[in-house]
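See structure below.
The values are calculated or read from the model by the stated rules, or taken from the named source; none is laboratory data. Everything quoted here is computed from the prediction, not taken from an experiment. We place every Cβ from the backbone using ideal geometry, glycine too, and count neighbours over all the protein chains shown. For accessibility, only protein heavy atoms count, side chains too; no ligands or nucleic acids. Shrake-Rupley method; radii C 1.70, N 1.55, O 1.52, S 1.80 Å.
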Amino acid sequence: MDNSLTPLVLKRLLVPTLLHLGFRKTLTMADEVVLLDFWPSPFGMRVRIALAEKGIKYEYKEEDLRNKSPLLLKMNPVHKQIPVLIHNGKPVNESLIAVQYIDEVWKDKSPILPSDPYQRALARFWADYIDKKIYVSGKKVWQTKGEEQEEAKKEFIGHLKMLEGELGDKAFFGGECFGFVDVALVPFYSWFYAYETCGSFSIEAECPKLMAWVKRCMQRDSVAKSLPDQHKVYDFVLQLKKKFGIE
Amino acid sequence: MAEEVKLFGLWGSPFSRRVEIALKIKGVKYEYIEDDLQNKSALLLKYNPVHKKVPVLLHNGKPIAESLVLLEYIDETWEGNPNLPPDPYERAQARFWAKFIDEKCLPALWKALFGEESEQEKAMEEALQNLKMLEKELKDKRLFGGGGGGGGGGGEESIGLVDIAANFIAYWVGIIQEAVGAEILNRERFPVLYKWIDELLSCSVIRENLPPRDKMLAYFISRVQAAKASK
């Protein structure tokens, strides 16, 4: 190339192109992540844990569920519920769907779902089981009393024992590594004190292996920092009971 | 190693048929085993001890249950004609609507058609609302899509997770309505949804994997009669 042409090529073509590419890279790196959440929600906690596992910076927005924000109603018009993950302005609703989304977008770090399709299917199966059984049966424990509560306790403990059986002697549900099913279940630990106190029973006594698993999970920063204090949750439950006239 | 795929299903179950559709779209050869609900087979109890329900897929001896879990498993295990798109955001949307169908649409429709009389009116309202939301999501797409080469193109390769999950709405609701003598879904109320139903049922892989209409209708009529007799 002719000497006199090189600086011109650099100035007019290469430099702007390189600057443009660099600028574009900076743009993609500045992801905007917002989480609409409610502090005692185990579903919200799942998303908090996933974001923390991946080291993603995000803005946490606390919602008052008695006075839902226009943003929440806009981002989740179908269910009007938290958690809502908003990534660069686009909403992802339903906690387990958001966790999978986070795993797929930020795929180069701390995988949450296993890579083998059969293991993934098992993980989804158990997460689905947790979704269908734990919240509803746990709620019945603190919402009822007498005979109804005894039934509710039996059902709730039954589900926990089923999960404990699935855990077996593994460190985590997926094996050696903390993963999807652990993320799905461990947030309910923040409600254990409330369930136990309202129902007069001990989860440790019923499911010691599960409690050992809880302790292992709580050693992770992502989990410890995403779960509220159990006593704070219990106070919240007492308020709810008062509000709904459940004594 | 020769691959062994077995499906425990039920001829009239939309959940079971979802899995068959997904396997057929991928061209997977499988052995179908009809389960007898009244007398759940020992095999079913062995392979799905948690829920004791069909469908259950056995792939080289390893069991998997729950139809939506199975649709994703099938997508990830066998290549070609994917039912989920590659983009994470679009996958999240597809999963959202499939879940909405299973957790909101189906229970409301079932209650509106078969529930206690006291519950039916409220369930009907909810079912109508849910169907409206689903219709809104369809917009002007021919299929919910997201499968194959992307939505909008039509044809079997564009059938997506949501289309398969909504099979109950496309086929069973019409039959049950006739058996029960109710009407929730009709062309006037839901023109966009009906266009989708026409499009979906025009796909041979869907049509060929549905239970025969007269047999299904007879089944629901007998259920209605049994329910009346027990009152």
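Brief remarks follow.
- So B:Lys139, is it more than 10 Å from chain A (Cβ to nearest Cβ), touching an Asp or Glu at 6+ places or on another chain (Cβ under 7 Å), surrounded by fewer than 21 Cβ atoms within 10 Å (Cβ to Cβ) and charged (D, E, K, R): no
- Flag if B:Glu76 is under 18 Å from B:Ile184 (Cβ atoms), open to solvent by less than 70 Å² (accessible area, probe 1.4 Å) and part of a helix (DSSP H, G or I): no
- For segment A:172-185, the condition of being open to solvent by less than 60 Å² (accessible area, probe 1.4 Å), more than 26 Å from A:Gly55 (Cα to Cα) and assigned to a helix (DSSP H, G or I) holds for none of the residues.
- The sole residue among A:Asp108, A:Asp131, A:Asp64, A:Asp37 that is acidic (Asp, Glu), open to solvent by less than 70 Å² (accessible area, probe 1.4 Å) and within 14 Å of chain B (Cβ to nearest Cβ) is A:Asp131.
- A:Glu148, sole failed condition from (1) open to solvent by 70 Å² or more (accessible area, probe 1.4 Å); (2) more than 23 Å from A:Phe244 (Cβ to Cβ); (3) more than 14 Å from chain B (Cβ to nearest Cβ): (2)
- Flag for A:Tyr118 being in contact (Cβ under 8 Å) with a residue 12 or more places away in the chain and among the aromatic types (Phe, Trp, Tyr): no
- Counted residues, segment A:168-210 - those being in contact with an Asp or Glu (Cβ under 8 Å, 6 or more places away or on another chain) and closer than 15 Å to A:Phe156 by Cα: 4
- Complete set of residues in segment B:45-98 that are among the polar types (S, T, N, Q) and either facing another protein chain (nearest Cβ under 7 Å) or under 20 Å from B:Leu10 (Cα atoms) (or both): B:Asn48, B:Ser67, B:Thr77
- Of residues in segment B:15-33 being open to solvent by 40 Å² or more (accessible area, probe 1.4 Å) and within 17 Å of the chain's Cα centre (by Cα), the one nearest to the other protein chains (Cβ to nearest Cβ): B:Phe15
- Meets criteria (part of a loop (DSSP other than H, G, I, E, B), buried (at least 17 other Cβ atoms within 10 Å of the Cβ) and at pLDDT 95 or above) for A:Leu160: no
- Selection of segment B:203-231 for residues being within 17 Å of B:Trp172 (Cα to Cα) and either of a type in the set (Val, Ile, Thr) or open to solvent by 70 Å² or more (accessible area, probe 1.4 Å) (or both) yields B:Val205, B:Ile206, B:Arg207, B:Glu208, B:Arg213, B:Asp214, B:Lys215, B:Tyr219, B:Ile221, B:Arg223, B:Val224.
- Residues of segment B:156-184 satisfying the condition of being farther than 30 Å from B:Gly80 by Cα, in contact (Cβ under 8 Å) with a residue 60 or more places away in the chain and not β-branched (Val, Ile, Thr): B:Gln177, B:Ala182
- Segment A:83-97, subset more than 9 Å from chain B (Cβ to nearest Cβ) and on the phi > 0 side of the Ramachandran plot, residue surrounded by the most Cβ atoms within 10 Å (Cβ to Cβ): A:Asn88
- Neighbours by Cβ (under 7 Å, 6+ apart or cross-chain): first from segment A:159-175, farther than 10 Å from A:Cys207 by Cα; second assigned to a loop (DSSP other than H, G, I, E, B) and modelled with pLDDT of 95 or more: A:Glu166/A:Phe173; A:Leu167/A:Phe173; A:Phe172/A:Phe178; A:Phe172/A:Gly179; A:Phe173/A:Gly179; A:Gly174/A:Pro114
- Where B:Leu43 falls short, out of the listed (1) surrounded by fewer than 18 Cβ atoms within 10 Å (Cβ to Cβ); (2) in contact with a helix residue (DSSP H, G or I) (Cβ under 6 Å, 6 or more places away or on another chain); (3) among the aliphatic types (A, V, I, L, M): (2)
- When B:Cys105 is tested against (1) more than 10 Å from chain A (Cβ to nearest Cβ); (2) within 16 Å of B:Glu20 (Cα to Cα); (3) crowded, with 21+ Cβ neighbours inside 10 Å, only condition (2) is not met.
- Among the residues making up segment A:199-215, those that are of a type in the set (A, V, I, L, M, F, W, C), part of a helix (DSSP H, G or I) and under 25 Å from the mean Cα position of the chain (by Cα) are A:Ile203, A:Leu210, A:Met211, A:Ala212, A:Trp213, A:Val214.
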